[in-house]
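The values are calculated or read from the model by the stated rules, or taken from the named source; none is laboratory data. It should be emphasised that the depicted structure is a prediction, and the values quoted were computed from it without experimental measurement. Positions of Cβ are generated from backbone atoms using ideal geometry, with glycine treated the same way; all protein chains shown enter the neighbour counts. Side chains are part of the model used for accessible areas, which takes the heavy atoms of the whole protein and leaves out ligands, DNA and RNA. Shrake-Rupley method; radii C 1.70, N 1.55, O 1.52, S 1.80 Å.
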Amino acid sequence: MKKLAIFILISLVLILVYLTAFIVNETEYAIVTQFGKPINIIKEAGLYFKLPGFIQKINRLDKRTDILITQPLQLLLGDKNPIILTCYACWRIDNPLLFFQSIINKEVAQQKINDMINSHLGSTLCDYTIENIINTDPEQVKLQEIEDKIVTHSNEKTMKRYGIEIISVGIRGINYPSIVAQSVYDRMRAEREKEAKRHRAEGEEAAAKIRAETDKEVAQIQSEAYKQSEIIKGKGDKEAIKIYADAYGQDPEFFTFLKSHETLKEILQDKATVILSTDSELLKYLDYQPNENK
Amino acid sequence: MKTIKEKTAIASIILKILFTILKFTAVFFTGSLAILAEAWHSFTDIITSILVYISVCENSINHKENHPSNEKNNQEQNKYKNLFTRHLSQIITNIKNILAKINLETSVAFLIGILLLLVSLGLFKNAVFFIPSMISNSLLTGIIFILFAICSFIIAKFETSVGEKEHSAALISDGTHSRADTASSLLAGFSLIIYNMGINIDRLAAFIIAFFIFLSALEILINIFANKNKVDSKNIESSYSYRYRMFDIILLAFKKDTWMKFYEFIDNKFKLNLKETELDRKIIFYLKSILVAVFLLCYFMTSFFSIKSYEQGIIERLGKPLEEKGAIEPGLHCKLPWPIDKVIKINSKVIQHINVGNITDRNTSALIWTRPHGTEKAFLSGDNNFFYPYLVVHYKVKDIFKYTYKCKNPQELLNNTAYRTITNIFSKKTFYEIASSYRTQFMQDTIKLIQKELDFFESGLEIITINIKDVHPPIFIADSFEDVIAAYQDKQRMINEAIGYKNSALPVARAQAVEKIQQSESYVIDRINRAQGEGIRFKSQQEAYIMNKEVTYIRSYLNNMNQGLQNNYKIIIDPDSGTPEVWLDFDKKYTFWK
């Protein structure tokens, strides 16, 4: 019975320790409340003591950075373009007591932050156009600026009233509503068709250009060759004429009759009917008597 | 007027009902299987205790009989039955005595037996197939259960001592039963306490306790059938003697006699020659020491832990990480025992991956634009086109302290940061840039941007690579994208054909040009040579001509005329004979020569 008493005593001590001691982890803040009234805020990890469960309670809050993804939101941009944006926010508890009193737990906090960010997203994007969100010119894209603005606007309220610090907000998805999406698809197809046609036309153009240039070059080469050959021939002719003139010039009279005779021979050779007078030099001797007529 | 035996039995029933209620409440607080089984077990104990109470009452009526098992009287049986009916009819008043005499006892007992059998089978099934959820409040409940065990033990002692004093076999038996209950309560409590240290025997404990219930159920059912047979044959012992028959085998282990016999047997065998009481004390002392030693061993085992080759660990002393020790590398290590030190193990050396954008389907054989191959989540490119990127980020943990204490969910952070970065980059680039020329640069840019963001949040993660597995346009317009590429090929083909024409036409032209020039040169040579030849010939002729001009002239003339006029028609006219009438024949054969 004595042993039993000791055993029960030890058990009771253990239960007492279990009820009063608690460990606060590195990852959390702890708020000790006494009948609901916060009396101690613990920010450092370690072993702490309190009165047993029903008198004092521990409320643990995660101090690490947490992330939430907002609901995708369809909104109108400044140029009346509809767009669907999905954001995420990185946040952490800045003031544990304020957070504990105003928000109570993480689920509520996430809902509140979600509401706030989507609201700020709507109001901020009124000042921007689709060109500031999607553009091949990097200078025009202002996503970073939009994100920064939402962080600043949200923190104005959350830091003072909710005990939450929003560290960053990021846009993780951009999309179009389904009707707009269909027209985007159609436009994409049209653009591709246009592109294909352009390629084919460019091909034809380039090919025609090359052919024409080739033809021109061929003509140039041929005419050049003709010119060259004429020049060469002319020079040759000049030489030949000179040689003839040289030779024939020594006795023009002889040349004249010699050439005349040869020419006559050539001319008269075919298809000519010749009427000759008997008085002609040729037929002079047809009835010639030496020394009679003279 | 109640005897002390009756009072004891009633006290034990009340206590057991209280325990049962408390244990069922504990099930809701913890969710432990062992406790559920233990609660049902308590429920069966109520039934047995009620039966004990009945038999005790009946014994006090037949106080002349020393032991119910000696009773072989048919009358006793009938009296017992009447008594039972009386008790039951206090609860159910409107049932006729005769009807109740025959059926009520057996049918109620039968129903309870079946119920318990089903409960035990259900618990077996749970213990085998049910995936246990987290057990909450385990330490406190465990300690409470140990207190229950102590209470059970006190009841057992009390019942046994009263039973011995009053010579009631029923109470002694129930005391033994309570001893067994102590064991199962201890088992449940112990399993809960060591669950807190990280060892989970919840399933095993539930299984053992379910076995207890199963035995109770069998015992009740067997008793019913045995009783029925005895009634028929009119050759009976008291039903009480059957009540514990099945359970006796188990209960043997909790009876002092059994152990004493065992010690004596050992003593005789090994000639230890110890006195009975001494032996008893020693054995109990050793048993207790072994129990304590096992418990202490289990406790101090919690101060050893091993880190696997792909892990690193952090020791938390009273919630605070021991950062000065740094990350604990693989191997066997010591720490202070639970609950002072805790170990967190993290897979820091394994390269892990997350999919960003879309996830390709493993079963797809080839990633082809026109065929769907995974999820289809559209992104927008800077030139306003939808497209579907499939990215895989490879990363590992580079700083486990930051990884554990700075961000609640670093993987989630990585995922979101990656989405944000690629959305941002894609919104500035055209589709063709993303799909082809920008890819390499994209990898470098994204890694740099995401790493910067991860370091800003002190997530302790390191990006190793970002792989663009695939990028494709919407599937149903992929054909028009491919047509563009076909058109581009057509363009190249046309240009190549034209170049081919050019390549063949120019050499031909050049060859003709060379030929022409050569021809003209040969013409020149021909002309000059002829001229020279003819010139020299003329000179020679002239030299000859000078010698006799007249004759040469005549000779030349005649020669030429001869040749020239040889084949012609010749009309010869004499001028002296007047003007001739010449009829020229304009036949086809002749051309008039002017």
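What number goes with the only condition from (1) modelled with pLDDT of 90 or more; (2) under 30 Å from A:Gln182 (Cβ atoms) that B:Asp470 does not pass?
Tallying (1) modelled with pLDDT of 90 or more; (2) under 30 Å from A:Gln182 (Cβ atoms), B:Asp470 fails exactly one: (1).
Are any of the residues in the stretch A:128-140 assigned to a helix (DSSP H, G or I) and either basic (Lys, Arg) or exposed (fewer than 15 other Cβ atoms within 10 Å of the Cβ) (or both)? Explain how you work it out, then say what you get.
Taking the stretch A:128-140 as the starting set, the residues that turn out to be assigned to a helix (DSSP H, G or I) are A:130-132.
Among the residues that remain, those that are also either basic (Lys, Arg) or exposed (fewer than 15 other Cβ atoms within 10 Å of the Cβ) (or both) are: none.
No, the stretch A:128-140 contains no residue that is assigned to a helix (DSSP H, G or I) and either basic (Lys, Arg) or exposed (fewer than 15 other Cβ atoms within 10 Å of the Cβ) (or both).
Taking the options A:Glu239, A:Glu191, name whichever one is more than 7 Å from chain B (Cβ to nearest Cβ) and surrounded by 15 or more Cβ atoms within 10 Å (Cβ to Cβ).
Being more than 7 Å from chain B (Cβ to nearest Cβ) and surrounded by 15 or more Cβ atoms within 10 Å (Cβ to Cβ) holds for just one of A:Glu239, A:Glu191, which is A:Glu191.
How many of the residues making up the stretch B:358-379 are open to solvent by less than 40 Å² (accessible area, probe 1.4 Å) and out of contact with any helix residue (DSSP H, G or I) (no Cβ under 7 Å at 6 or more places or on another chain)?
Of the residues in the stretch B:358-379, the ones open to solvent by less than 40 Å² (accessible area, probe 1.4 Å) are B:358, B:360, B:364, B:366, B:373-374, B:378-379.
From what is left, the residues that are out of contact with any helix residue (DSSP H, G or I) (no Cβ under 7 Å at 6 or more places or on another chain) are B:358, B:360, B:364, B:366, B:373-374, B:378.
So the count comes out to 7.
Of all residues in the stretch B:416-441, which are farther than 14 Å from B:Pro389 by Cβ and in contact with a helix residue (DSSP H, G or I) (Cβ under 6 Å, 6 or more places away or on another chain)?
Result: B:Thr417, single match.
Out of A:Val169, A:Val180, which single residue is more than 7 Å from chain B (Cβ to nearest Cβ) and at pLDDT 90 or above?
Residue meeting the stated conditions: A:Val169.
Those residues that are open to solvent by 80 Å² or more (accessible area, probe 1.4 Å) and more than 8 Å from chain A (Cβ to nearest Cβ), I need them from the stretch B:530-545; list them, please.
B:Arg537, B:Glu543
Could you grab the pairs with beta carbons closer than 6 Å, sequence gap of 6+ or different chains, first residue in the stretch B:392-405 and within 16 Å of A:Thr27 (Cα to Cα) and within 14 Å of another protein chain (Cβ to nearest Cβ), second one part of a loop (DSSP other than H, G, I, E, B) and hydroxyl-bearing (Ser, Thr, Tyr)?
As it stands, the answer is B:Ile400/B:Ser348; B:Tyr405/A:Thr27, since those pairs meet every condition given.
Take the stretch B:412-449 and flag every residue that is without any contact (Cβ under 8 Å) to a residue 12 or more places away in the chain and more than 9 Å from every other protein chain (Cβ to nearest Cβ).
Once the filter is applied, which keeps residues that are without any contact (Cβ under 8 Å) to a residue 12 or more places away in the chain and more than 9 Å from every other protein chain (Cβ to nearest Cβ), the stretch B:412-449 yields B:Tyr432, B:Ser436, B:Ser437, B:Tyr438, B:Thr440, B:Gln441, B:Gln444, B:Lys448.
Scan the stretch A:24-42 and give yes if some residue there is of a type in the set (Ser, Thr, Tyr) and open to solvent by 40 Å² or more (accessible area, probe 1.4 Å), otherwise no.
no
Out of all the residues in the stretch B:316-350, which are in contact with a helix residue (DSSP H, G or I) (Cβ under 9 Å, 6 or more places away or on another chain) and of a type in the set (S, T, N, Q)?
Residue satisfying the conditions is B:Ser348 alone.
Looking only at the stretch B:297-309, how many residues end up being within 21 Å of B:Gly460 (Cβ to Cβ) and surrounded by 12 or more Cβ atoms within 10 Å (Cβ to Cβ)?
2
Determine if the stretch B:448-459 includes at least one residue that is surrounded by fewer than 19 Cβ atoms within 10 Å (Cβ to Cβ) and touching a Phe, Trp or Tyr at 6+ places or on another chain (Cβ under 7 Å).
Going through the stretch B:448-459, the residues surrounded by fewer than 19 Cβ atoms within 10 Å (Cβ to Cβ) turn out to be B:448-449, B:451-452, B:455-456, B:458.
In the following step, the residues that additionally are touching a Phe, Trp or Tyr at 6+ places or on another chain (Cβ under 7 Å) were identified as none.
The answer is no, given that none of the residues of the stretch B:448-459 is surrounded by fewer than 19 Cβ atoms within 10 Å (Cβ to Cβ) and touching a Phe, Trp or Tyr at 6+ places or on another chain (Cβ under 7 Å).
Listed residues A:Thr214, A:Thr263; which is closer than 29 Å to B:Val524 by Cα and either without any contact (Cβ under 8 Å) to a residue 60 or more places away in the chain or more than 7 Å from chain B (Cβ to nearest Cβ) (or both)? Break it down into steps so the answer makes sense when it comes.
Values: A:Thr214 fails: closer than 29 Å to B:Val524 by Cα.
Only one candidate passes the filter, namely A:Thr263.
Considering only residues of the stretch A:147-182 that are of a type in the set (Val, Ile, Thr) and in contact with a Leu (Cβ under 7 Å, 6 or more places away or on another chain), which is surrounded by the most Cβ atoms within 10 Å (Cβ to Cβ)?
This residue is A:Ile150.
Can you tell me how many residues within the stretch A:84-125 are in contact with a strand residue (DSSP E or B) (Cβ under 6 Å, 6 or more places away or on another chain) and surrounded by fewer than 16 Cβ atoms within 10 Å (Cβ to Cβ)?
Residues that pass the stated criteria total 2.
The rows are residues; the columns are (1) at pLDDT 80 or above; (2) within 25 Å of the chain's Cα centre (by Cα).
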{"position": "B:Leu272", "(1), (2)": "no, no"}
{"position": "B:Phe295", "(1), (2)": "yes, no"}
{"position": "B:Ser309", "(1), (2)": "yes, yes"}
{"position": "B:Glu323", "(1), (2)": "no, no"}
{"position": "B:Arg362", "(1), (2)": "no, yes"}
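Please indicate, with yes or no, whether at least one residue in the stretch B:478-501 is without any contact (Cβ under 8 Å) to a residue 24 or more places away in the chain, within 30 Å of B:Arg420 (Cα to Cα) and either open to solvent by 70 Å² or more (accessible area, probe 1.4 Å) or facing another protein chain (nearest Cβ under 7 Å) (or both). Step through it out loud before you land on a result.
Here is the first cut: in the stretch B:478-501, the residues without any contact (Cβ under 8 Å) to a residue 24 or more places away in the chain are B:480, B:483-501.
Then drop every residue that is not within 30 Å of B:Arg420 (Cα to Cα), which leaves B:480.
Narrowing further to those that are either open to solvent by 70 Å² or more (accessible area, probe 1.4 Å) or facing another protein chain (nearest Cβ under 7 Å) (or both): B:480.
Checked the stretch B:478-501: at least one residue is without any contact (Cβ under 8 Å) to a residue 24 or more places away in the chain, within 30 Å of B:Arg420 (Cα to Cα) and either open to solvent by 70 Å² or more (accessible area, probe 1.4 Å) or facing another protein chain (nearest Cβ under 7 Å) (or both).
May I ask you to say which residue of A:Ala225, A:Ala219 is in a helix (DSSP H, G or I), out of contact with any strand residue (DSSP E or B) (no Cβ under 7 Å at 6 or more places or on another chain), open to solvent by less than 20 Å² (accessible area, probe 1.4 Å) and within 11 Å of another protein chain (Cβ to nearest Cβ)?
A:Ala225 is the lone residue from the list that is in a helix (DSSP H, G or I), out of contact with any strand residue (DSSP E or B) (no Cβ under 7 Å at 6 or more places or on another chain), open to solvent by less than 20 Å² (accessible area, probe 1.4 Å) and within 11 Å of another protein chain (Cβ to nearest Cβ).
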